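> Pasting in a structure now, in structure tokens, and then I'll have a few things to ask.
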Amino acid sequence: MIIIPAIDLKEGRCVRLVQGRMDRESVYSEDPVGMAKHWESKGARRLHLVDLNGAVSGKPIHRPLISKIVREVSIPVELGGGIRDLETIEDYLSLGVKWVILGTAAYQNPDLMKEACRRFPRRIILSIDAKSGNVAVQGWVEVVSMKAVDLARQFEGLELAALVFTDVERDGMGTGINWEMTQNLVRTTSVPVIASGGISRVEEIEHLKRLEPEGVIGVIVGKALYTGQIDLEEAIRIAEK
């Protein structure tokens, strides 16, 4: 299991939001490139980038900055936010992004998801963001009637690289991941799962390792790294022991 530091981009800065709300942000760095290099120097094996402005607007906003981050680090990068068509997917992959994350696009346009997996096998990650068990889209602004587990089942059998599951209501709150929903999703799908949303203590990482044999391959950590609640090097030791 790997620890994946999150770098959320908003107006050119590295921020963390509370429950995905764009009006509740904490700025942790004016230099996202420097932050990416910092996490790499601490032993991160992968980075999780999100174009927050892109997620809300439905189109790439931070492409030049993302390109620079990819060039400046040697570890692979997964990227989400504002990716709604094959051209954008291909463009980001050509920049050196290792995995492209589709969430809103997967829900709104299942055929796009299927074609993307066909054209770029093992390079697409399905993002399932949920509020009270229902899928949240458009940068978590809109909650739809579909259940998270049903969205996962819809794409079973595709050549996905992984599935990222986030409980939006816990994201940025430091209250711990939604263990029950994460466990349920892991047991619903054969796709490797990356857990996300609310991780605040290294003990939770130890707890998550119990699901590694069932398919949890990683955990995204954001706010807890920036506030110092979790030390990245210690978290990596626990995850990889």
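> Does the range 64-82 include one or more residues that are out of contact with any strand residue (DSSP E or B) (no Cβ under 9 Å at 6 or more places or on another chain), among the polar types (S, T, N, Q) and not in a helix (DSSP H, G or I)?
So far as the range 64-82 goes, yes, one or more of its residues are out of contact with any strand residue (DSSP E or B) (no Cβ under 9 Å at 6 or more places or on another chain), among the polar types (S, T, N, Q) and not in a helix (DSSP H, G or I).
> Between a residue in the range 1-21 that is closer than 12 Å to Gly198 by Cα and any residue that is among the hydroxyl-bearing types (Ser, Thr, Tyr) and modelled with pLDDT under 90, which pairs come within a Cβ distance under 7 Å, given they are 6 or more apart or on different chains?
Taking only residues 6 or more apart or on different chains, the pairs are Arg16/Ser26; Arg16/Tyr28.
> Specify the residue that is nearest to the chain's Cα centre (by Cα); the eligible residues are those in the range 104-116 that are free of Cβ contacts under 8 Å to residues at least 40 places away in the same chain and surrounded by 23 or more Cβ atoms within 10 Å (Cβ to Cβ).
Looking at residues that are free of Cβ contacts under 8 Å to residues at least 40 places away in the same chain and surrounded by 23 or more Cβ atoms within 10 Å (Cβ to Cβ), I get Ala105.
> Which one is modelled with the lowest pLDDT, of the residues in the range 14-33 that are surrounded by 17 or more Cβ atoms within 10 Å (Cβ to Cβ), touching a strand residue (DSSP E or B) at 6+ places or on another chain (Cβ under 6 Å) and not aromatic (Phe, Trp, Tyr)?
Per the stated criteria, the residue is Glu25.
> Still on this model: What are the residues in the range 134-152 that are modelled with pLDDT under 75, out of contact with any helix residue (DSSP H, G or I) (no Cβ under 6 Å at 6 or more places or on another chain) and not in a strand (DSSP E or B), if any?
Result: Val141, single match.
> Moving on to the next point. Would you be able to say whether some residue in the range 227-234 is surrounded by fewer than 20 Cβ atoms within 10 Å (Cβ to Cβ), in contact with a strand residue (DSSP E or B) (Cβ under 8 Å, 6 or more places away or on another chain) and in a helix (DSSP H, G or I)?
The answer is yes; a qualifying residue exists.
> When the residues of the range 34-88 are filtered to those that are under 29 Å from Ile238 (Cβ atoms) and of a type in the set (Ser, Thr, Tyr), which remaining residue is surrounded by the most Cβ atoms within 10 Å (Cβ to Cβ)?
Ser41
> Modelled with pLDDT under 95 and closer than 24 Å to Val15 by Cα - does that describe any residue in the range 115-127?
So far as the range 115-127 goes, yes, one or more of its residues are modelled with pLDDT under 95 and closer than 24 Å to Val15 by Cα.
> May I ask you to list the residues in the range 57-87 that are within 20 Å of Ile128 (Cα to Cα) and of a type in the set (Ser, Thr, Tyr)?
Across the range 57-87, the qualifying residue is only Ser57.
> What number goes with the only condition from (1) aliphatic (A, V, I, L, M); (2) farther than 22 Å from Gly218 by Cα; (3) in contact with a strand residue (DSSP E or B) (Cβ under 8 Å, 6 or more places away or on another chain) that Val97 does not pass?
Condition (2) is where Val97 drops out.
> To continue, here is another question. Being at pLDDT 85 or above, under 22 Å from Val15 (Cα atoms), hydroxyl-bearing (Ser, Thr, Tyr) and part of a loop (DSSP other than H, G, I, E, B) is the filter here, so list the residues in the range 171-209 that pass it.
Ser200
The values are calculated or read from the model by the stated rules, or taken from the named source; none is laboratory data. Because the structure is a prediction, the values reported are computed rather than measured. Cβ sites come from the backbone with ideal geometry, for glycine too, and all protein chains shown count toward neighbours.
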